[in-house]
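Below: one structure, written as structure tokens.
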Amino acid sequence: MFQYLPVENKAFSPYLGPYRTFGLRVLRSGEEVMVLPDVSTDFAFVLRLAGLFTRKQLDPLHLAEVLEDLL
């Protein structure tokens, strides 16, 4: 079973300076499968995605494609 969790990262832009960004961490049976560090600056959005992807059991193979379609 895949579990998606939001993760917080710090990033820097020469135009914006430092800022927080949120990504997704994917676990399978408690073991980390992958981390996608920069999905959005909106924590609530990433939290909703994590819940949806966990409920629907999105295979991480398709994660980048699904995010591309959503964003």
- Message: Just to be sure before I move on: is R25 in a helix (DSSP H, G or I), among the basic types (K, R) and within 11 Å of the chain's Cα centre (by Cα) in the structure I sent?
- Response: no
- Item | Residue check, V7 part of a strand (DSSP E or B) and either among the aliphatic types (A, V, I, L, M) or under 11 Å from the mean Cα position of the chain (by Cα) (or both) | yes
- Task: Quick one: in segment 43-69, of everything that is exposed (fewer than 12 other Cβ atoms within 10 Å of the Cβ) and under 19 Å from A11 (Cβ atoms), which residue is modelled with the highest pLDDT?
- Result: A44
- Message: Any residue in segment 43-63 that is at positive phi sitting within a Cβ distance under 7 Å of a residue that is open to solvent by less than 70 Å² (accessible area, probe 1.4 Å)? List the pairs, counting only those 6 or more apart or interchain.
- Response: Q57/F2
- Query: Name the residues in segment 29-71 that are part of a strand (DSSP E or B) and among the charged types (D, E, K, R), would you?
  - Reply: E31, E32, D38
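Here is a yes/no grid of residues against (1) modelled with pLDDT of 95 or more; (2) open to solvent by 80 Å² or more (accessible area, probe 1.4 Å); (3) on the phi < 0 side of the Ramachandran plot:
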| site | (1), (2), (3) |
| --- | --- |
| L5 | yes, no, yes |
| E8 | yes, yes, yes |
| S13 | no, no, yes |
| G17 | yes, no, no |
| L27 | yes, no, yes |
| V33 | yes, no, yes |
| P37 | no, no, yes |
| S40 | yes, no, yes |
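The values are calculated or read from the model by the stated rules, or taken from the named source; none is laboratory data. Since this is a predicted model, take the numbers as computed values, not measurements. Note that each Cβ is placed from the backbone with ideal geometry, even for glycine, and that neighbours are counted across all protein chains shown. Please note that ligands, DNA and RNA were not included when accessible areas were found on the heavy atoms of the full protein model with its side chains. Shrake-Rupley method; radii C 1.70, N 1.55, O 1.52, S 1.80 Å.
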